[in-house]
Each structure stands twice: as C-alpha cells, then as structure tokens.
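Here the structure comes first, spelled out in structure tokens, and everything after it is commentary.
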Amino acid sequence: MSTPDLLIVGSGLFGLTIAERAVAEHGARVTIIDRRPHVGGNAYSEADEQTGIEVHKYGAHLFHTSNERVWEYVNRFTEFTGYQHKVYTTHQGEVFPMPINLGTVNQFFRSAHTPEQARALIAEQAGEFAGKDPENLNDKGISLIGRPLYEAFIKNYTGKQWQTDPKDLPASIISRLPVRYTYNNRYFSDTHEGLPAQGYTAWLERMADHPNIDVQLDTDYFDTSQPLNRDAVRGNLPVVYTGPMDRYFDFELGELGWRTIDLETEHLDVGDFQGTSVMNYADAETPFTRIIEPRHFHPERTHYPSDRTVIQREYSRFAESGDEPYYPINSGRDRERLLAYRRLADAEPRTLFGGRLGTYQYLDMHMAIGSALSMADNKLTDLLRA
Ligand code: FAD
Ligand code: NA
C-alpha cells in the first residue's frame, strides 16, 4: 500500500470525523489505524450473541446535542430514533425518578408540594451550612440541596463512583446539583436526542466507507513491527493522533489519572428485568453504581426475544495501567502534567492531538464530533500542506 496523505490514529468519532472531512474537503487519501479489532472507539456496539440485543460494549451511549451543525452532520450517516433517555434510582428498596425533580421530592418527603413549596423546603434544608465555605464534597452537596436529599441520592452514589468518601473529595467536583421544580424527568435537555436506528456500528462504519479511507484494525501506533508506527512516521507524515496523550510521549512527564468502569454482563430468562434502560443504585450496600438493560434503548425493535434479556452491572474504579481510560480524574497534579504535555504536543511536528484521550478531557459524542469539525475547518489545510 502506498503512503497515505494523512494518518489517523484511532477510529473513534473524532478520528472518523477527521477522516471523512479530509476526504470530502481535500480529496485526501487517509489511513486510519486502531489497536482494537473494530472501528468506532467507545461508541461501538454489537449484537449480543445469545439474544441479538444491541449491547454497548464500552458502556451506555446516548446521543444528544443542541449543536445544529453536528446534528445535520450526523444525520448524513444514520437516522435516529425518537428515544428519550430517562433514569431511575433505587434507594432503600424504593424507586425514584432522576434527576431530582418534583416527583422525586414529593415521593421522598411523602408530600404534595407545589413547585414554590418545594423550592422553599429545599432552600431551608440547604441552609445548614449557611455562611460557611464548604470544605469538601459532602458539605458542598448539603449546601446545594440539603442533607436529606443529598444523603439519599448523591452521597453514596458519588462515593461509589470515586471509591472515596465524599468527605475526602474536593468540593470542586460538583459546581451545582440541579433540582427541577417540575415533574419533567427527561435526562437530557438538548434540542436533539435519539439513538442510531440501525445501531452505532452501522453509523460508525458508514463514516469510514469510502475508497479513499483505508482502515487497519488490530494495529497499534506504538508497535514498531507495523510500518505506520510513531517512530517511523513522526515528522514524516501528517498525523491526527487520538490515543492517550501521556502514552504518545512514553509517559515521560508521568501518567495522567483516569477512572474506568467494569461491566458485568448477565443473561436472564425474563423478557424484561427492570422495565427501563438505566437503574441507578444510590445506596452504599450495593457495590455497583447502576444496571443497564440495553433492550430498552430500542423499544421499536420487534425482533428482540420476549422471554430473554441481557443486563450489564456497572462498577466504577480508578484505572490502572492497562485498563481502558474512561473519565479523567483531573486532580491538581493531572492538570499540571496536562499543561506540560500540551507544550510537547504543540511542538510535535506534523501531528495534531484530538479527541478525549488525545486532549485528556471528557467529551460527549457530539462534543467529540464538534471538536473534530473545528479542527478540520481550522487546521487540516495547513496540516496536509506541511
Ligand atoms: P474514542 O472513542 O476513545 O476513540 C479513540 C480510539 O483510539 C479507540 O478506538 C482506541 O482503540 C484508539 N487508540 C488508542 N490508542 C491507540 C494506539 N496506540 N494505536 C491505535 N489506536 C489507538 N457520549 C455521549 O454523547 N453520550 C453518552 O451517553 C456517553 N456515554 C459514555 C459512557 C462511557 C462509559 C464513556 C467512557 C464515554 C461515554 N461517552 C458518551 C463519550 C464517548 O464515548 C466519546 O465522546 C467518544 O468516545 C469520543 O470519541 P474519541 O474518538 O475522542 O475517542
Ligand atoms: Na503538533
């Protein structure tokens, strides 16, 4: 195979968007490499072998955006269903709607408060630490929504997500804890929401489906036995790199911290396990944070079995070397290292860093796509000419 005009490391939504734009706008010949055996990065999903139910391999992915350009762009590759995400939470044997809304408040306090009465109640309860600067996440949570709701719905859930008592977490992790004073329990408030009608993989593969785009799977950029590796390519070819930033520089400034999740999959001989796609578990006694039942992402699909289902229990923990990095921890030390790595990245010849791993930030899908479209607008011409 001849040398491409552009090498993209990583076939997630960032890399796929850059590839598609490089071909459409510049007529470039693009090679995408990915170390995984499939395209799509973390948005990838596949049909469960036993049930045919579409399962999100790296955790539940819900598409939503208020960015008109992104919405128009993604609709070139897939149709979206009308799915609207809702989340419930189990607390002490009772199920409540999330995020905290008037329904949650009235169920929790066994009341029939109007929006105004509920507002007054929460304001009074949030006054416990009035006048004091919250020293940790626990005090911050109480000062935002009051102790009863905080302790029921936030404290232990957050503790499980971080494997840390909120008293030992910085107050800065949360800036707000919204309470909705209506019964609206739609999880997202974006203009557009839905799931790809034919599944994520059909969407993602379609983005790469062009004779100018060559996809090489099971191919690691740091594997010197494959020809398009960093040491061979560096400075010689235009590259968009979407793998981990610290890995690119051989961790020379230290590792950036991430949290990861473990998914425990189970098949059950019932047609419906929990009646909804995501059930959080708010209490400390339950070791997992939530259970996902993927069949509920596609209520319109008639081919799913009526007597079997698949569920995924989700556990959250700190990532160790070799784990999939999912959510940046962003400690003070991480932020210092990030700034130092950014200086190295800026100086790196003919290589742009992008995506959630390449820039060490949590990006929703629409943000990853939006950021790739901006990079294509502002930087691709120069990169391809360099
Ligand atoms: P990725 O999808 O991570 O793609 C990076 C690719 O680079 C991967 O395929 C990886 O294998 C490859 N790569 C890395 N290193 C190398 C290497 N050395 N050589 C070759 N290839 C390499 N977004 C939403 O909008 N809604 C959601 O509900 C949602 N839920 C999420 C749930 C979880 C658990 C996680 C982790 C993320 C979620 N996201 C969600 C975010 C979404 O996954 C990201 O927006 C998206 O993955 C970003 O795409 P990306 O291309 O930047 O990164
Ligand atoms: Na650079």
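Data table
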read-out: Pairs of Cα atoms farther than 37 Å apart, the chain, %; value: 28
read-out: Vicinal HN-Hα couplings computed from phi for segment 107-113 (Karplus, 6.51 cos²θ - 1.76 cosθ + 1.60; Hz; Gly/Pro x); value: 5, 5, 8, 6, 10, 10, 5
read-out: Amide H within-cut-off set for Phe353, under 5 Å, with H built and near neighbours excluded; value: Tyr241
read-out: Rg/Rh (Cα only; Kirkwood hydrodynamic radius) as it applies to segment 37-107; value: 1.08
read-out: Kyte-Doolittle mean at least -0.5 and Cα axial length at least 27 Å: DSSP H helices in the chain; value: 365-385
read-out: Estimated FRET transfer efficiency when R0 is 51 angstrom, pair Gln125-Thr224 (beta carbons, to 0.05); value: 0.25
read-out: Helix-only CD estimate at 222 nm, as mean residue ellipticity for the chain, using -39500 (n - 2.57) per DSSP H run (n ≥ 4); value: -8500 deg cm²/dmol
read-out: Formal net charge of residues neighbouring Arg343 (Cβ-Cβ distance under 14 Å; K, R +1; D, E -1); value: -2
read-out: Normalised convex hull volume, segment 276-332, alpha-carbon set, Å³ per residue; value: 148
read-out: Cα Rg, Dmax, segment 138-246, angstrom units; value: 23.0, 60
read-out: Ranked by how many other beta carbons lie within 10 Å on average, peptides 62-72, 144-154 from highest; value: 144-154, 62-72
read-out: Semi-axis lengths, Å, segment 1-140, gyration tensor of Cα atoms, sqrt of 5 times eigenvalues; value: 46, 21, 17
read-out: Lysine pair number, Cα distance threshold 13 Å (strictly under), the chain, separation 8 or more or different chains; value: 4
read-out: Segment 1-44 - Debye-derived log10 I(q)/I(0), Cα point model, q = 0.25, 0.30, 0.31 Å⁻¹; value: -0.84, -1.04, -1.08
read-out: Percent of beta bridges antiparallel (DSSP, the chain, rounded to nearest 5); value: 60
read-out: 14 Å beta-carbon shell around Pro97, net charge (K/R +1, D/E -1); value: +2
read-out: Kirkwood Rh, Cα atoms: Rg over Rh of segment 318-373; value: 0.98
read-out: Anisotropy class of segment 87-173 from Cα gyration tensor, a/c 1.5 cut; value: oblate
read-out: Rg and Dmax [Cα atoms of segment 241-358; Å; Rg one decimal, Dmax integer]; value: 19.7, 57
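Each reported figure results from applying straightforward, stated rules to the coordinates on display, with no laboratory input. Please read these numbers as outputs of a predicted model, since none were measured by experiment. Note that we place each Cβ from the backbone using ideal geometry, even for glycine, and neighbour counts take in every protein chain shown.
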